[in-house]
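K.L.:
The structure's right below; bear with me while I get my questions together.
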Amino acid sequence: MADVTFTVDGKKLTAPAGTLLIDACRKAGIEIPAFCYYPGLSLQAACRMCVVRQEKVPKLQTACTTTVAEGQVFITDSPEITQARKATIELLLGNHPLDCPVCDAGGECELQDMTFKYGAGESLYAEAKQHREEQQWSPAVFYDRPRCILCYRCIRMCGEGMDVWALGVQNRGARAVIAPNGGDTLDCEQCGMCIDVCPVGALTSGSYRYKTRPWEMNHISTVCTHCADGCKVTLGVRQSNIGSEIIRADNRDKSGINGDFLCAKGRFGFDFVENPERLNKPLVRNANGQLEPASWEHALRFAAGKLKEIRDARGGSAIGVIGSNLTTNEENYLLQKFARTVLQTNNIDHERTADYAGFARALAGSQGRTASMRDTATAPAILLIGGNPTEEHPLLAWNLRTNVRLNRARLYVANAKQIKLERQAKAVLRLPADGYPALAAHLDGSDKVIAGSAFRETLLAEESLLVILGQEYRGAELEELVKWGLKRDNVRFAFLGDHANSRGAADMGLLPDLLPGYVPVTAPGQFSAEYPGMPAAPGKALPDIFASAAKGELAALLVVGANPIAKPGMDAAALKNTFVIVHDIFLTETAAHADVVFPAASLYEKSGTVTNTYGDVQLARKAADRSGVKPDFEILVRLAGAMGVDVKTLVPFGTTGITADLGQSRGAQAGEADRHAVWLAANGLEPKLSPFDPLAVLDEIERLVPGYKMDRLNLFGGNDVPSEPGFVPLSALTANAAITPAHDGLFTSGTLGRYSPGLKDLNRHQAAPALAKTAAD
Amino acid sequence: MPRLVSHPDEVKIVTRRFGQGAANIDRYVELGGYEAAKKCLAQGPEWIINEMKASNLRGRGGAGFATGLKWSFVPKQSAKPKYVLVNGDESEPGTCKDHLIFLHDPHSIIEGTIIAGLAIGAKLGFIYLRGEYRYLLEIMEKAVADAYAKGFLGKNIFGSDTEFQVITQTGAGAYEVGEESALMESLEGKRGVPRIKPPFPAVVGLYGGPTVINNAETIATVPHVISMGAAAYAAVGSERNGGTRLFGVSGHVERPGVYELPMGYNLKKIIYDVAGGVRGGRKLKAVVPGGSSTPVLLPEEIENLGMDFDQVGKAGSMLGSGGVVVIDDQTCIVEFALRTISFYQHESCGWCIPCREGTDWLKKSLTRFHAGFGTAKDIDNIQYLAENMLGRTFCPLGDAAAMPTLGFVKKFRKEFEDHLNGKPCPFAKHVEVAVV
Amino acid sequence: MSNETMTIFSPKLAARFDALVQKYPARRSALVPMLLYAQDEIGYLSDAVIAEVAARIGITELDVRNVATYYSMLRFKPAGKFNVQVCTNISCMLRGAYDLFERFQDELGIGHKGVTTDGLFSLEEVECIGACCWAPAIQVNYDFHDELNPDSVPGILAEYRGKAKAEGTVSHA
Ligand SMILES: Cc1cc2nc3c(=O)[nH]c(=O)nc-3n(C[C@H](O)[C@H](O)[C@H](O)COP(=O)(O)O)c2cc1C
Ligand code: SF4
Ligand code: SF4
Ligand code: SF4
Ligand code: SF4
Ligand code: FES
Ligand code: FES
């Protein structure tokens, strides 16, 4: 819309006609108080806090519903307006318990802030306050009516934002309450978004309530360790006797690719960190065959000795390495470099959940054809093929819903099953169960397997398209579909995989046949010089590693943050003659079979980068500390050191000096590097003067891995930075890819999720028979 | 059966057919019914709207908005269907006039609805009655069925190729649903919470279509305006206040009842002549001129007060719904104020803070005050609260609660003070208000 | 829906509901009348009523409850077969509504929102019922009784007791 000019408090402002006055003012730095207004949600005009005076209008107007037009004159600050706001707060406080000293929101409560600002301090109120018992609606959500100011943000967030519609308002007048859909329980996605938007302490979370005061915590932004969407999450951390304790997860500054959003896993699933089953000492199998605690020195020396012995006696081909979907890019990179150059084996893999290599291969040679997570929130037209984002990619589902709701994006869904996002879809194509391979041909006009449909016509009329592919696609079908899109202009792709850094695991070359950036082992290019000692032939994929163990051909297995034995069809007995080393945070099924177990730090206890399934690289920052555990990065470096390796060949620390940390550090200002070092320290990152600094490896990744040329300033500023998949010659695919989607739902997260009491509670709550009949979906 | 009353000063236009069996369609037709609708069908929308404008008919629901002007706001072209909505929620304490129209002359409402539909180009009208009016709803339903049977409603009304349908609807107990946008919400099956304005109903109303909403009395008046001619109708009333009004006189008068009097008729005469004076020869203490939400007037303020929208407005109150509540000198104003605010506390929809919290607070304070536990500060506090609700709420219900409260404390401060210092209630009547 | 045997309503009411949801430009417009008519038949809005109404309209039960709890005539517990609603609002109050209400309390031995042990009567103090000029007024279910005084109370109660006897029902809930 055309811009209009209007006056606020004597200042001339310009904004597109129809902009809400409150938004225009906020943009111009004029603060308008608001309880009920929440950007992106429907308008309420209920709290009356945002009142302003408009010239020639008799009554005060609400800035949250007034749209600006040419020549209007507003006053937002005057004794009259201050008095109106003060009175509104006084009225609210009339029935408000004022239990701020014990309230969870105390210190970050919008009502408290406004009371302070408008000075409604003295109580005029002499009446009995309405008392009501606090209610627990679910393990995650508690409601305290006396504190509720009825701003209806929670209802709108749940309905409009989440499309769950689990909350309502009942009764009327002063007896009005917010009510959950199950009468006294909440049958929903348990995302906690309602808690997040509550401006006061009326909705509190089961995990955080009454635990601490906001100002007793440090707040550290990092990346969620669960699904592959890669939400930015702010962890509230407090010192404890064993290091520091994570008390809360939210996204308080609303920055990052997820904006407002976090799902139940991101918000409540951090508690695995405090699980008493956490490993905190290395374990070594003793003569009786029992795992017993050992010192780090002993465990490292023992494991290194065995590895060295086996490598020297039987060669690298007798060793297998399985990496993780949850460790950082630097760790994954280091692990494969360690495997290839120190252990001299290409027998390296991870538990693959999606065919990222196939995706990279299909896109080989075409640049700018991948979409970032941010694009899913802005693309005007999206084709979602397969997958079930509502359950498995909550942020993606949120972005798609928001995009449809606020930008009127057109969503097209092609799926063999019915999925909830069809409620937002412009058109749906129900595929036959085995119909995915035929879709590309169908879009090209073939009606053989899939009957002709209006779906195709509307879809093809779109000028641009963001195609999101589920894990149903791999190999040839994946390639065919991508090829279909590449023929058209303005088609970009995203590909869905499962865990926090599955994409990074593949990108960093935790693959038997592909090096970092999907560079084939058989055509290693510059890696041949960088990786002395690397075998020339591709190694074994995960199933083959286990098969060779069963045949007695695998002498050693190093498993870093993975639990392959827990997967169906995996036989632990196969490992009985294999020396097994496991890094993990729990004594998983696989760790229980190990000869040496190293207690590892979780993603929340270390720094590094991770890549979400859209290829967005983000910086994970160390939030918590835990005595006894070490990051996998450090464990690997120490292991290599104990094997007698010059660790500088693995981690190029201290070689180029700390100025290299910041690409733009040679700026006009002197001393920038120093300040950067301070910044690194303040953010829990070690200046890379030590071999344990993952940033040293990040330099190498940037140098060697195609597609990982990143804007460091942005990355370190806490933003997501896109990567591009590399270039994979057609021949480079492993036959036995063994891709198994995890299909984690809203409350599960692989092995990790099993150690989260919070997620287990939510799972139990949602599975309870009382909630069997889901109201909203 | 509600008693019908009569007084020589009455000008019976809307009440013309009361007590004459006009609920029967044949009788209604015999008494000249549906002729106005036929005339309008022949004359067309522009003519109707001009007549309505010329009649100076102002809405009888409370605000007194000019009916013809309101109708003219409806866009001629609309992608969405247009609707007529008759507001028969009649819940303002002191008001029972629509009750009598539904009972005695239901067809006048149907006929008025048809005319409004013709004027704006709507094909569907709704007649919404408060839930308590079940027996009246049944009368209305029968009347609608009869009108369909006669072809006055349907695809081809009066044999023309014009369509007009009517649907009756019941509420289920909510004063706030009388507010026009809350009424639309209720009719759409939702909580009776008002809508953000603009857009106004004439542009975006029921089901998103342009909608004219009028009070039942306004609608029942329409056929009479057409029949007698706008000029003749306007001439009955006072300046800019056309025609007559159904004044419901209740409280401490000898002959309470609904009287149809010309606009501008003197209030003092209404009390002392028409309604027979204050009951038992007592003294007049105060009068609420237009339903419970209108500020109370003192005897000296009504000496020369003509009952039309402008004059009562000038006197510092409002003509409102025309419910004149007469209060004698044996009445405790604090108790009266308490009962009034209790009503608004009970009926506040709760959407916005000032009304939800303000009515609750005022009710609690007045309850305590009337029970003899008040302090001098309370009086100021009550006034402060009411002043700070005024003009700040989402819909006029907040004002409707604040305005009378302000009237009571300002005009009867002395009586509030008499309740202090161990003198609970000088009138020692009821203190409990059990409605919750 | 009426051809399904799953309804908790009488065949007549079920048929009426079938028609009602078709009557309006939007199905949901039938909600408020449906709740009131269902209450007239069942006595109150039981969980089963809410579930069936939600299914008939095609909205969630939460949605139905949000709406139902707004309207003061709708209740979630059984009332007496005859629900006596005494208006005590201003016009009625001025003409003795509280005395009338007290008399009802005395005669029935119950207070506001109480139900007699035989389930025959319940009592409620209500807001203005639109009979101000004929005050004080009450409603027994949907019947108006106006221009009352406390001495009218026994007669009114006798009238309804007689009705109950004639119908052969004593207890309702
Ligand atoms: C709280 C509130 C309650 C109202 N109740 C009624 C009512 O019961 N009946 C009515 O006709 N108008 C009522 N109104 C006025 C309506 O909003 C609307 O102005 C009126 O129906 C328009 O009709 P009219 O122009 O014919 O007066 C109420 C308004 C408010 C703010
Ligand atoms: S936690 Fe449940 S109720 Fe709250 S917003 Fe999420 S889905 Fe809705
Ligand atoms: S619970 Fe919180 S978000 Fe919801 S209405 Fe109450 S104050 Fe607002
Ligand atoms: S959507 Fe994924 S990344 Fe985001 S909070 Fe949930 S589990 Fe974590
Ligand atoms: S003023 Fe506010 S709370 Fe009161 S009825 Fe209107 S919208 Fe509801
Ligand atoms: S923010 Fe405008 S009324 Fe609440
Ligand atoms: S005040 Fe009792 S009926 Fe109106």
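K.L.:
Which of B:V212, B:V203, B:V166 moves most in a GNM of chain B, Cα contacts under 10 Å?
P.N.:
Judging by the Gaussian network model, the answer is B:V203.
K.L.:
When you look at the Cβ of every residue in C:22-35, what mean number of other chain Cβ atoms sits within 10 Å?
P.N.:
Whole-number average of other-chain Cβ neighbours for C:22-35 is 6.
K.L.:
Once you average over the residues of B:167-176, how many Cβ atoms of partner chains fall within 10 Å of each Cβ?
P.N.:
Mean shielding by partner chains, rounded to a whole number: 6.
K.L.:
Sticking with this one: Starting from the Cα gyration tensor of the stretch A:357-496, multiply each eigenvalue by 5, take the square root, and state the resulting semi-axes largest first in whole Å.
P.N.:
So the equivalent ellipsoid measures 20, 18, 15 Å along its semi-axes.
K.L.:
Right, another one. What total accessible area, in Å², is buried where chains C and A meet, using a 1.4 Å probe and rounding to the nearest 100?
P.N.:
800 Å²
K.L.:
Continuing with this model, one more query. Suppose R0 equals 35 Å. What FRET efficiency, 1/(1 + (r/R0)^6) with r the Cβ-Cβ distance, do A:L98 and A:S255 give to the nearest 0.05?
P.N.:
Computed FRET efficiency for A:L98 and A:S255: 0.60.
K.L.:
Report, to the nearest 10°, how far helix C:31-42 tilts away from the longest principal axis of the Cα atoms in chain C, using its own Cα long axis and a range of 0 to 90°.
P.N.:
So the helix axis and the longest Cα principal axis differ by about 70 degrees.
K.L.:
Place a point 7 Å from Cα of A:K648 in the direction of its Cβ. Which residues in the stretch A:691-715 have their backbone N less than 14 Å from it?
P.N.:
A:691
K.L.:
Listed highest first by mean packing, meaning other Cβ atoms within 10 Å per residue, what order do A:347-359, A:178-190, A:303-315 come in?
P.N.:
The peptides rank, most packed first, as A:347-359, A:178-190, A:303-315.
K.L.:
Something else about it: Determine the gain in length on full extension of the stretch A:N241-A:R405; use 0.36 nm per residue of separation and subtract their C-alpha separation, reporting nm with one decimal.
P.N.:
54.3 nm
K.L.:
Aspartates and glutamates near B:K150 by alpha-carbon distance under 16 Å, same-chain residues fewer than 8 away left out - which ones?
P.N.:
The reachable aspartates and glutamates, counting only those whose Cα sits under 16 Å from B:K150, are B:D26, B:E30, B:E35, B:E111, B:E141, B:D161, B:E163.
K.L.:
Shifting gears a bit: Given the whole protein assembly as supplied and a 1.4 Å probe, what does the accessible area of A:S627 come to in Å², nearest 10?
P.N.:
The value for A:S627 is about 70 Å².
K.L.:
Between A:H743 and A:V177, what is the FRET efficiency for a Förster distance of 51 Å, r being their Cβ-Cβ separation, to the nearest 0.05?
P.N.:
0.85
K.L.:
Counting only protein heavy atoms and rolling a 1.4 Å probe, how much accessible area do C and B lose on contact, total for both sides, in Å² to 100?
P.N.:
4700 Å²
K.L.:
Extent of the protein assembly as shown along each principal axis, from alpha carbon coordinates, in Å, largest to smallest?
P.N.:
So the extents along the principal axes, rounded to whole Å, are 123, 76, 73.
K.L.:
In addition: Based on C-alpha coordinates, I'd like the Rg and Dmax of the stretch A:3-77, in Å.
P.N.:
Expressed in Å, the Cα Rg and Dmax of the stretch A:3-77 come to 11.2, 30.
K.L.:
Using a simple spin-label model with points 7 Å from Cα along the Cα→Cβ vector, what separation in nm is obtained for A:R301 and B:K314?
P.N.:
10.8 nm
K.L.:
Please average, across the residues of B:359-365, the number of beta carbons from any other chain that are within 10 Å of each residue's own beta carbon, and give a whole number.
P.N.:
Partner-chain Cβ atoms within 10 Å, mean over residues of B:359-365: 5.
K.L.:
Please give every one of the aspartates and glutamates within straight-line cross-link reach of B:K411, meaning a C-alpha to C-alpha distance under 20 Å, and leave out same-chain neighbours fewer than 8 residues apart.
P.N.:
Partners within reach: B:E300, B:E301, B:E303, B:D328, B:D329, B:E335, B:D378, B:D380, B:E387, B:D399.
K.L.:
Next question, about the same structure. Give me the net charge for the shell around A:A550: Cβ to Cβ below 13 angstrom, other residues only, Lys and Arg +1, Asp and Glu -1.
P.N.:
0
K.L.:
Another question, then. Using only Cα atoms, find the angle between the long axis of helix C:11-23 and the longest principal axis of chain C, and express it within 0 to 90 degrees, rounded to the nearest 10.
P.N.:
70 degrees
K.L.:
What whole-number value in Å² describes the accessible area per residue of the protein assembly as shown for a 1.4 Å probe?
P.N.:
Here the per-residue accessible area is 35 Å².
K.L.:
Then there is this: Report the normalised scattering of the stretch A:134-192 as log10 I(q)/I(0) at q = 0.15, 0.16, 0.19, 0.30 Å⁻¹, calculated by the Debye formula with identical scatterers on the alpha carbons.
P.N.:
Computed log10 I(q)/I(0) values: -0.39, -0.45, -0.64, -1.49.
K.L.:
Pairs A:K420/A:K448; A:K308/A:K540; A:K232/A:K487; A:K265/A:K420; A:K86/B:K197; B:K76/B:K142: which are spaced more than 23 Å apart, C-alpha to C-alpha?
P.N.:
Beyond 23 Å: A:K420/A:K448; A:K232/A:K487; A:K86/B:K197; B:K76/B:K142.
K.L.:
Label the stretch B:25-236 by shape, choosing from rounded, prolate and oblate, from the square roots a ≥ b ≥ c of the eigenvalues of the Cα gyration tensor; if a/c is under 1.5 it is rounded, and otherwise prolate applies when a/b is larger than b/c, oblate when it is not.
P.N.:
The shape class here is rounded.
K.L.:
Sticking with this one: Can you give me the P(r) profile for the stretch C:36-173? Cα pairs, bins 10 angstrom wide beginning at 0, each as a whole percent.
P.N.:
12, 39, 31, 16, 3
K.L.:
Another question, if that's okay. Could you quote the convex hull projected area for the stretch A:216-340, Cα atoms only and averaged over all directions, in nm²?
P.N.:
10.7 nm²
K.L.:
On to the next question. Could you work out how far apart the two model spin labels at A:E134 and A:A572 are, taking each label as a point 7 Å from the Cα in the direction of the beta carbon, and quote it in nm?
P.N.:
About 4.2 nm, to one decimal.
K.L.:
Given labels modelled 7 Å from the Cα in the Cβ direction, how far is it in nm from B:A232 to A:N288?
P.N.:
11.5 nm
K.L.:
Now for a separate question. Need the full-extension length gain, B:A371 to B:E46, defined as separation in residues times 0.36 nm minus the C-alpha distance. One decimal, nm.
P.N.:
Result for the pair: 111.1 nm of gain on full extension.
K.L.:
Something else about it: On a 1.4 Å probe surface of the protein chains, which of A:F747, A:F598 comes out largest in accessible area, and what is the full order?
P.N.:
Correct descending sequence by accessible area is A:F747, A:F598.
K.L.:
For A:K56 and A:S528, calculate 0.36 nm times their separation in residues minus their Cα-Cα distance, and state this gained length in nm to one decimal.
P.N.:
Stretched out fully, the A:K56 to A:S528 stretch lengthens by 162.1 nm.
K.L.:
If you don't mind, another one. Would you mind giving the total buried accessible surface between chains A and B, with a 1.4 Å probe and ligands, DNA and RNA left out, rounded to the nearest 100 Å²?
P.N.:
For A against B, buried area totals roughly 3100 Å².
K.L.:
Sticking with this structure for a sec: Keeping the other protein chains in place, figure out the carbon and sulfur percent of the accessible area of the protein assembly as shown, with a 1.4 Å probe.
P.N.:
Whole-percent figure for carbon plus sulfur exposure: 53.
K.L.:
Further, regarding this structure: Helix B:353-368 sits at what angle to the longest principal axis of chain B, using alpha carbons and giving 0 to 90 degrees rounded to 10?
P.N.:
Between the helix axis and the principal axis of chain B, the angle is about 40 degrees.
K.L.:
Using just the alpha carbons, could you tell me how many Å³ per residue the convex hull of chain B encloses?
P.N.:
128 Å³
K.L.:
What number, rounded to the nearest 500 deg cm²/dmol, is the helix-based mean residue ellipticity at 222 nm of the protein assembly as shown, given -39500 (n - 2.57) per DSSP H run of at least four residues and division by all its residues?
P.N.:
Roughly -9500 deg cm²/dmol at 222 nm, from the helical runs in the protein assembly as shown.
K.L.:
Turning to a different aspect of this structure: Please report, for the Cα atoms of chain A, the Rg to one decimal and the Dmax as a whole number; what are they, in angstrom?
P.N.:
Every Cα atom of chain A included, Rg and Dmax give 28.0, 92 Å.
K.L.:
Same structure again: Over the stretch C:81-156, what lengths in whole Å, largest first, do the semi-axes of the equivalent ellipsoid take, defined as the square roots of 5 times the eigenvalues of the alpha-carbon gyration tensor?
P.N.:
19, 12, 11
The values are calculated or read from the model by the stated rules, or taken from the named source; none is laboratory data. Note that the coordinates shown come from a computational prediction; the quantities given were computed from them, not determined experimentally. Every residue, glycine as well, gets a Cβ built from its backbone with ideal geometry; the counts of neighbours run over all protein chains shown. In case anyone asks, the SASA skips ligands and DNA or RNA and just uses the protein heavy atoms, side chains included. Shrake-Rupley method; radii C 1.70, N 1.55, O 1.52, S 1.80 Å.
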